[in-house]
Amino acid sequence: MKMIPRTAAPDSRKEGTMNDNKLTILYERLSHEDGRENESLSIEHQKEYLEEYATRNGFTNLVHRTDDGWSGTRWDRPGFLQIMEDIERGNVGQILIKDMSRLGRDHLRVGLFLEQLRERGVRLIAVAEGIDTAKGEDDFMPFRNIFAEWHARDTSRKIRAIFGARTAAGKHVTGALPYGYLHDPDDRQKWILDEEAAPVVKRIFQGVIEGKPIARIAEELTAEQILTPAAHWRAIGERVSMGAAGADPYKWATATLIQILKKEEYMGWTVLNKTATESYKSKKREATPQENRLIFKDTHPAIIDEETWNVVQRLRETKRVRERIGGEPNPLTGVLYCADCGEKMYHKQGSTGRPDQPHHEYVCSSYRHYSRSCTCHYIRVSVVESLVLEAIRRVSGYVRENEAEFIERVREKSSLQQEAAVKESRKKLSKATRRREEISGLIKKLYETYATGKIPENHFSELLTGYDNEQKTLDGEIERLQAEIDRYNTDSVRADKFIELVKRHTEFTEFSASLLNEFVEKIIVHEATKVNGVREQEVEIYLNFIGKFDLPEQEEQPEEPPVRKSKKKRRHEMTEEQRAALRERDKVRYARKVAAQKAAEEAQRAAILKGTAYEIRPQEAGAAHAAI
């Protein structure tokens, strides 16, 4: 509530006096809850009531200030703020209200406002309760204000109980609709598909699957003159609570697309209790924790299947930066992970000084940030793309030829894989949770130590910052691990879904972002090793729906190793005497090579000096050869 400066003012509150040159403000307020309970509190009734009293008692310069639909627990009401501005300008002589509850339902704030009126010399009259500050203070006024606040609290509690019962039964408590749905004309609790908007929603999700940035999807929708959600609802006559009326109806914002991509309702779910207020005095709504939300599945037609929605959320969690070459983020970013430290792989691209071989590879992000907590795990983009395409081809071919066997193999293997992954995630979650609790205790002890003056302020600030940063990191890790565990608990292996996915594609000719996002969940890259001088590297590809799938080994005759054409023995195949003789031969050959080089150098020098005072005589040349 705005504070008014304390200035001296003539007291116009004495009984029977009024300032005819100043305004007489008639203030009316009605909340939605008051309107439900008592029809006599209507705005029209309050205006008539106050006007009749003001006219009968000779008040002039009447001005109405009204707040219709505003709760008494809120102090940012437009009409009330206008009164505050009028008082600050010194234009108000008296304020008339029907009763004290119209002023507000917070006894502390009401008491502060009354003190401000007293200091500014403004008279307050609550007509129905017989309160007039010009006649002296009313001893029961504080109790009336407390009762008004209790009434607001009790009303809020009743409304919350009603809404809670409705949400527990799976019923909507607001008329808000996600873009892509309409109210059923026969039952507004039911949603039906909006045949015009639903394809746009599918297109937005598919654009993310194809690796398009959200900004580009927005640009495409704008260029094609597709109405925004607010403009679409206006066009079909639905109530709109968002978007300015004069805004460009075809200008899509990235924020709009982000909100669409977040909505679980597109899977056919009803999601309730998504936001809540901290107190009946606050109207600011905050997002509720995921575990407090009520979810009812298959309550209306789905626009997006559950797996597509999950893939899109996974893609959105990864920040993809635009590369200098080509200007587009690489679709593999966020899919490749280091096998040793678990961090995401970093896409390295740029010039190497050789135009024919630019940087276009992935390395471990821990190594790239020079923490040296991990090794490089270098792998070229072209290699990953080839491996992914080949894996999809091979598994898809196997599925087409051995569908029943494929389903059986997936079901047998999945339970073991999921059990091991969940066990590891739970172990990490337990460790992170314990460490977070330890940090909370350390922070408490740190405050106690600082309060007793045992450590200086600079040390306290440094330690507190470090603990806060570690705690934030742990919070993110705990949330991620819990999400993984929840996903394992709710997801089952869906071999049939993978079969449907394979049947939607007739051939796999080239790698694409859409193919990657549809088929691949993640790729684990191991560090490369060298075996007999040959670089080898293990890459694990986890496919959507089925995870890591190893094809059965084909019973083929192993290929014979190629026969060496050379008859020379390798050094490790020789005896010690043979190796010693070979070393002596190499020494002789090296000495002859050095002598030949020196002879050539002398011949070149003699040719240069021939015919000069420094010409080399034959005997000198012979001596030089003898020396050699």
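The values are calculated or read from the model by the stated rules, or taken from the named source; none is laboratory data. Keep in mind that what you see is a predicted model, and the values were worked out from it rather than measured. For neighbour counting, all protein chains shown are included, and Cβ atoms are generated from backbone atoms with ideal geometry for every residue, glycine included. Remember, those area values only see protein heavy atoms, side chains included, never the ligands or the DNA or RNA. Shrake-Rupley method; radii C 1.70, N 1.55, O 1.52, S 1.80 Å.
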The set of residues whose placed amide H lies less than 5 Å from the amide H of ALA528, leaving out same-chain residues fewer than 5 positions away, is HIS377, TYR378
Table column - 3J(HN,Hα) (Hz), region 128-133, Karplus curve with 6.51, -1.76, 1.60, x for Gly and Pro: 5, 9, x, 9, 9, 5
Cβ-defined net charge surrounding GLY476, 12 Å radius [Lys, Arg +1; Asp, Glu -1]: -2
Accessible surface of THR375 in the full protein assembly, 1.4 angstrom probe, to the nearest 10 Å²? 70
Let a ≥ b ≥ c be the square roots of the eigenvalues of the Cα gyration tensor of region 429-476; is it rounded (a/c under 1.5), or, if not, prolate (a/b larger than b/c) or oblate? oblate
When the Karplus curve 6.51 cos²θ - 1.76 cosθ + 1.60 is applied with θ = phi - 60°, which whole-Hz ³J(HN,Hα) does each residue of region 260-266 get, with x for Gly and Pro? 5, 5, 7, 6, 6, 4, 5
Please report the net charge: other residues with Cβ closer than 13 Å to the Cβ of ASN402, K and R +1, D and E -1. -1
Can you give the accessible area of LEU177, probe radius 1.4 Å, in Å² rounded to 10? 30
Amide H partners (placed H, <5 Å) of GLU521, local residues excluded: TYR542, LEU543, ASN544
